[in-house]
Amino acid sequence: MIDIRLVREDPAAVQAALARRGVDPAEVEQLAAADTAARQAVGQRDELRAQVNVLSRQVGDARRSGDDQQAARLAEESRRIGERQIAADAAADAAQGEVRRRLLWLPNLPADEAPDGDGPDDNPVVRRWPERPRSYADHQRVPHWEAATALGMLDLERGARMSGSMFPLFRGVGARLLRALTAFALDRHADAFEEVRPPTLVRTDTMVSTGHLPKFEEEAYHIERDDLWAIPTAEVPLTSMHRGEILEEHDLPLRLTAATACFRREAGAAGRDTRGLLRVHEFDKVELFAYATAGQAPAVHADMVARVESLLHELDLEYRVLDLCTGDLGSSSARTFDLEVYAPGADLWLEVSSVSWFRDYQARRANIRYRPAGGGAPVLAHTLNGSALAWARIWAALVETGRRADGSVELPEVLAPYLGSARVVAGSA
């Protein structure tokens with residue numbers, strides 16, 4: 001969440017920043033009013049508490065001096081004020097809760113460098129590889145849901161029969177390809193990132209820490225009996241690994257990577273293309289995550305983007321990098337670069353990674369701080385994360401790009417150590 005002190009000290013600046021994201025300035029005004037009311041309520045409560053404490057001491061003094069009548073009178077007055085204090089406690093809690101509720105719903109302030117825009121169509125392409133678009137043969141223009149099904153790599157029908165639509169079933173080399181991609185990515189990140197295997201189900205406060213709740217509740221899978229949530233990304237548990245802790249500055253940046261299944265309802269996907277693996281409810285992903293200082297964060301962010309690009313280079317997939325505009329930023333993000341690969345069979349650019357810098361927005365929710373090396377009070381950390389990579393769409397792009405004239409699929413040479421002879425999936429014209 002944003003720092004409430006910014007709202008108190010310069011509400012106009014907060015309104016201007018959030019207006020770049022399409023947030024009505026009235027929301028900031030309402031937050032400021034709620035904060036003023038909460039501080040007044042807390043002041044009233046504290047004043048009553050102080051009166052009760054003074055009266056309690058006076059009651060004790062009166063009793064020690066033998067003035068029982070005065071003690072009784074003071075005790076009655078303390079009781080009456082105490083009843084008012086109980087009501088004031090409830091009012092203060094409710095007022096503070098309203099401030100927190102509004103803060104939890106308010107998005108992060110966008111970075112000054114983030115381009116302005118209203119939505120995806122306004123995202124500038126900052127670079128692409130190769131610089132000149134590739135040409136693709138007709139046999140590469142077959143969508144993966146047809147090509148992979150014919151080769152026995154993908155069985156969408158049985159997946160839907162077991163779990164419903166948008167739950168894919170991978171078979172044979174198709175399943176092995178997912179495993180190979182995961183091992184490939186983890187190996188490439190092992191030089192600087194500690195591998196973690198976090199839980200797949202998490203508590204509500206873990207989801208709140210990243211900003212996925214309460215705003216995106218409809219997009220998540222909730223197990224009501226246990227009040228647990230299926231993670232939409234490993235970012236969720238990795239953010240909370242050090243929730244409520246104070247790190248040491250000399251340990252930062254602290255880099256983590258994790259391979260997990262991810263679950264998303266995609267409740268807002270109605271009317272959007274959901275064929276094949278274009279949009280699924282469950283997918284495997286390797287995540288990069290870091291805790292950093294404000295000074296370290298830009299370099300960590302750039303390194304994450306470079307790592308994603310390196311993987312795409314090695315997989316020999318055509319890709320482009322987009323600088324997300326303010327109207328398309330995720331709610332918690334201050335700056336995000338999306339990476340998209342071109343899938344010739346579907347004839348679509350598919351998002352395969354979002355690399356985001358959240359500044360201290362998530363750390364404030366999760367109370368993650370670090371102790372400065374030079375001394376002083378603990379400081380909120382900055383958090384960053386990025387997919388490196390999400391496999392469903394990479395899998396689709398590899399099948400379509402690698403399809404040969406006889407219907408077989410040749411997978412990238414870089415995956416040979418993980419696939420062996422399965423690097424070429426046989427087919428017939």
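Going through (1) surrounded by 21 or more Cβ atoms within 10 Å (Cβ to Cβ); (2) out of contact with any Phe, Trp or Tyr (no Cβ under 6 Å at 6 or more places or on another chain); (3) more than 14 Å from residue 389 (Cα to Cα) one by one, residue 334 falls short only on (2). Might you check whether a residue that is crowded, with 18+ Cβ neighbours inside 10 Å and more than 29 Å from residue 333 (Cα to Cα) occurs anywhere in the stretch 345-354? Checking the stretch 345-354: at least one residue is crowded, with 18+ Cβ neighbours inside 10 Å and more than 29 Å from residue 333 (Cα to Cα).
Only one residue in 34, 38, 62, 50 is more than 30 Å from residue 7 (Cβ to Cβ), assigned by TED's automatic domain parsing to the domain that holds residue 91 and out of contact with any Cys (no Cβ under 8 Å at 6 or more places or on another chain). Which one?
Every option except 62 fails the conditions.
Of the residues 88, 71, the single one that is surrounded by 12 or more Cβ atoms within 10 Å (Cβ to Cβ) and more than 55 Å from the chain's Cα centre (by Cα) is 71.
Residues that are touching a strand residue (DSSP E or B) at 6+ places or on another chain (Cβ under 8 Å) and either surrounded by 14 or more Cβ atoms within 10 Å (Cβ to Cβ) or within 19 Å of residue 36 (Cα to Cα) (or both): does the stretch 94-106 have at least one?
Kept after step one, since they are touching a strand residue (DSSP E or B) at 6+ places or on another chain (Cβ under 8 Å), are these residues of the stretch 94-106: none.
No, the stretch 94-106 contains no residue that is touching a strand residue (DSSP E or B) at 6+ places or on another chain (Cβ under 8 Å) and either surrounded by 14 or more Cβ atoms within 10 Å (Cβ to Cβ) or within 19 Å of residue 36 (Cα to Cα) (or both).
Considered as a group, the residues in the stretch 378-398 that are out of contact with any Lys or Arg (no Cβ under 8 Å at 6 or more places or on another chain) and part of a helix (DSSP H, G or I) include one that is farthest from residue 277 (Cα to Cα), and that residue is 398.
For the stretch 115-126, indicate whether the set of residues that are more than 30 Å from residue 404 (Cα to Cα), polar (S, T, N, Q) and part of a helix (DSSP H, G or I) is non-empty. Within the stretch 115-126, not a single residue is more than 30 Å from residue 404 (Cα to Cα), polar (S, T, N, Q) and part of a helix (DSSP H, G or I).
Number of residues in the stretch 127-156 that are over 21 Å from residue 280 (Cα atoms), assigned to a loop (DSSP other than H, G, I, E, B) and either within 29 Å of the chain's Cα centre (by Cα) or without any contact (Cβ under 8 Å) to a residue 40 or more places away in the chain (or both) equals 3. Per the conditions (1) assigned to a loop (DSSP other than H, G, I, E, B); (2) more than 22 Å from residue 119 (Cα to Cα); (3) of a type in the set (Ser, Thr, Tyr), the sole criterion not satisfied by residue 326 is (2).
Just one of the listed residues (379, 352) is assigned by TED's automatic domain parsing to the domain that holds residue 236 and in contact with a helix residue (DSSP H, G or I) (Cβ under 6 Å, 6 or more places away or on another chain), namely 352. Taking the stated definitions as given, is residue 271 on the phi > 0 side of the Ramachandran plot and either at pLDDT 95 or above or of a type in the set (Val, Ile, Thr) (or both)? Here the answer is no, as residue 271 does not meet what is asked.
The values are calculated or read from the model by the stated rules, or taken from the named source; none is laboratory data. Just so we're clear, the structure is a prediction, and the values are computed from it rather than from any experiment. We place every Cβ from the backbone using ideal geometry, glycine too, and count neighbours over all the protein chains shown.
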